[in-house]
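*Asks:* Take a look at this one; I'll ask things after.
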Amino acid sequence: MSDLVLYAVFGGVVIVLLAIDLLVVHRNPHEVDVREAATWTAIWIGVAILFGAFLPVFYDGDLAGVRSAYFTGYVIEKSLSVDNVFLFLLIFSVLAVPKHLQHRALFYGVVGAIVMRTVLIFAGVALVDRFDWLLYVFGAFLIYAGIRTFLQRETHPDITTSPVFQRITRVLPTTDEYHGTKFFVRIDGRLLATPLFVVLLLVEFADLVFAVDSIPAIFAVTRDPFLVLTSNVFAILGLRALYFLLAGFAARMRYLKTGLSIVLVYVGVKLFTENISGIYHPTPLQSLAVIGAVLTVTVVASLRAAPLADDVPPSGIGPFGRPAEPAKEDDAAAE
């Protein structure tokens with residue numbers, strides 16, 4: 001099967017899955033409860049496993065190596081995406097996003113993230129193929145990111161004082177309240193963005209920040225663009241369900257960031273030493289075992305420990321620091 005057909009088939013599968021999610025399952029916006037989130041988390045993980053099981057059909061040669069590289073990359077991307085959950089929770093809390101609108105914001109955020117990561121992945125693969133020394137840069141950066149994550153494991157960024165938030169709210173005319181699922185409304189002849197569009201921009205920016213860590217991390221396992229892309233996309237597709245599953249347990253994940261920092265340092269060292277002879281290089285399967293063990297230990301230890309203090313602002317605060325107002329559904333025409 002040619003590369004063009006291979007990517008076209010994969011793209012078609014992703015589009016069908018997203019269409020089922022938006023147009024069938026979540027056609028009517030509603031609050032996602034834990035049971036629904038757990039069901040869809042299992043479904044998305046099952047789809048990723050099923051894809052990995054049939055992945056060797058498209059390859060010749062070391063089929064076991066292809067499968068282990070894919071699953072290791074998937075686990076790395078899935079584990080690092082958990083950090084997104086904490087930031088999404090902060091964004092939704094600070095901007096008082098109604099619970100029935102959160103899935104819609106994450107859905108379009110995921111679509112944008114898939115497009116953005118596809119561009120970054122192909123650009124990264126092309127650069128690494130041409131400049132091998134970039135592996136040392138990526139490795140050193142991941143080690144730095146791991147240390148930074150560990151040092152900042154108990155802190156939360158202040159979204160309202162971030163340059164990105166300040167720039168968006170300064171240059172983008174917005175309404176003071178939500179208008180259902182609409183990103184734009186026309187009021188008194190003026191086209192205004194709703195807070196939901198600001199949330200979408202912040203979600204996209206958050207994924208861009210995390211992509212800078214996660215995409216180089218998978219290069220420690222494989223540089224096959226199809227494996228890098230598919231493991232990334234399947235990890236992102238399940239991010240919405242994972243958010244709703246973990247949001248209520250965020251305060252219990254006391255040691256999760258410590259585990260993620262260890263994963264980042266591990267893949268950074270592996271990537272940095274990739275082309276150095278005389279040093280033992282773990283196989284993708286061994287890396288999968290190491291990463292799985294680290295995450296298992298940190299999650300179990302977190303659940304057994306006392307929960308962290310909840311530093312998330314109260315939901316009574318409105319989108320831009322004002323008292324929250326009831327969300328409006330369809331009182332203005334959408335553009």
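*Asks:* Which condition number in (1) open to solvent by less than 10 Å² (accessible area, probe 1.4 Å); (2) outside any helix (DSSP H, G or I); (3) touching a helix residue (DSSP H, G or I) at 6+ places or on another chain (Cβ under 6 Å); (4) aliphatic (A, V, I, L, M) is the one that Val203 fails?
*Replies:* Of the numbered conditions (1) open to solvent by less than 10 Å² (accessible area, probe 1.4 Å); (2) outside any helix (DSSP H, G or I); (3) touching a helix residue (DSSP H, G or I) at 6+ places or on another chain (Cβ under 6 Å); (4) aliphatic (A, V, I, L, M), the odd one out for Val203 is (2).
*Asks:* Still on this model: Could you say which residue among Phe249, Phe205, Phe219, Phe272 is aromatic (Phe, Trp, Tyr) and free of Cβ contacts under 8 Å to residues at least 12 places away in the same chain? Steps first, answer last, please.
*Replies:* On the way: Phe205 fails: free of Cβ contacts under 8 Å to residues at least 12 places away in the same chain; Phe219 fails: free of Cβ contacts under 8 Å to residues at least 12 places away in the same chain; Phe272 fails: free of Cβ contacts under 8 Å to residues at least 12 places away in the same chain.
Testing whether each residue is aromatic (Phe, Trp, Tyr) and free of Cβ contacts under 8 Å to residues at least 12 places away in the same chain leaves just Phe249.
*Asks:* Here's a check for you: in the stretch 43-56, which residue that is within 18 Å of Gly12 (Cβ to Cβ) and without any contact (Cβ under 8 Å) to a residue 12 or more places away in the chain is least open to solvent (accessible area, probe 1.4 Å)?
*Replies:* Filtering the stretch 43-56 for residues that are within 18 Å of Gly12 (Cβ to Cβ) and without any contact (Cβ under 8 Å) to a residue 12 or more places away in the chain, the one least open to solvent (accessible area, probe 1.4 Å) comes out as Leu50.
*Asks:* All but one of (1) open to solvent by 20 Å² or more (accessible area, probe 1.4 Å); (2) in contact with a His (Cβ under 9 Å, 6 or more places away or on another chain) hold for Val115, so report the exception by its number.
*Replies:* Unmet condition: (2).
*Asks:* Keeping to the stretch 131-171, report how many residues are touching a residue at least 24 places away in the same chain (Cβ under 8 Å), open to solvent by less than 40 Å² (accessible area, probe 1.4 Å) and either in contact with a Pro (Cβ under 8 Å, 6 or more places away or on another chain) or over 15 Å from Val94 (Cβ atoms) (or both).
*Replies:* Selection size over the stretch 131-171: 6.
*Asks:* Hey, any hits in the stretch 242-252 for a residue that's in a helix (DSSP H, G or I), open to solvent by less than 10 Å² (accessible area, probe 1.4 Å) and not charged (D, E, K, R)?
*Replies:* Checked the stretch 242-252: at least one residue is in a helix (DSSP H, G or I), open to solvent by less than 10 Å² (accessible area, probe 1.4 Å) and not charged (D, E, K, R).
*Asks:* Might you let me know whether the stretch 185-197 holds any residue that is assigned to a helix (DSSP H, G or I) and among the acidic types (Asp, Glu)?
*Replies:* no
*Asks:* Counting only residues that are open to solvent by less than 20 Å² (accessible area, probe 1.4 Å) and more than 15 Å from Tyr243 (Cα to Cα), which one in the stretch 75-95 is modelled with the lowest pLDDT?
*Replies:* Once the filter is applied, the top-ranked residue is Val94.
*Asks:* How many of the residues in the stretch 271-290 are more than 16 Å from Phe71 (Cβ to Cβ), part of a helix (DSSP H, G or I) and of a type outside the set (A, V, I, L, M)?
*Replies:* Count: 1.
*Asks:* For the stretch 6-42, which positions are open to solvent by 40 Å² or more (accessible area, probe 1.4 Å), modelled with pLDDT under 80 and in a helix (DSSP H, G or I)?
*Replies:* Across the stretch 6-42, the qualifying residues are Leu23, Val24, Val25.
*Asks:* Any chance you could count how many residues in the stretch 219-230 are among the polar types (S, T, N, Q) and either surrounded by fewer than 22 Cβ atoms within 10 Å (Cβ to Cβ) or closer than 17 Å to Leu264 by Cα (or both)?
*Replies:* Residues that pass the stated criteria total 1.
The values are calculated or read from the model by the stated rules, or taken from the named source; none is laboratory data. Remember, it's a predicted structure, so these values are computed and weren't measured experimentally. Heads up, the Cβs are rebuilt from the backbone with ideal geometry, glycines too, and the neighbour counts pull from every protein chain shown. Quick note on the areas: whole protein, heavy atoms, side chains included, nothing else; ligands and nucleic acids left out. Shrake-Rupley method; radii C 1.70, N 1.55, O 1.52, S 1.80 Å.
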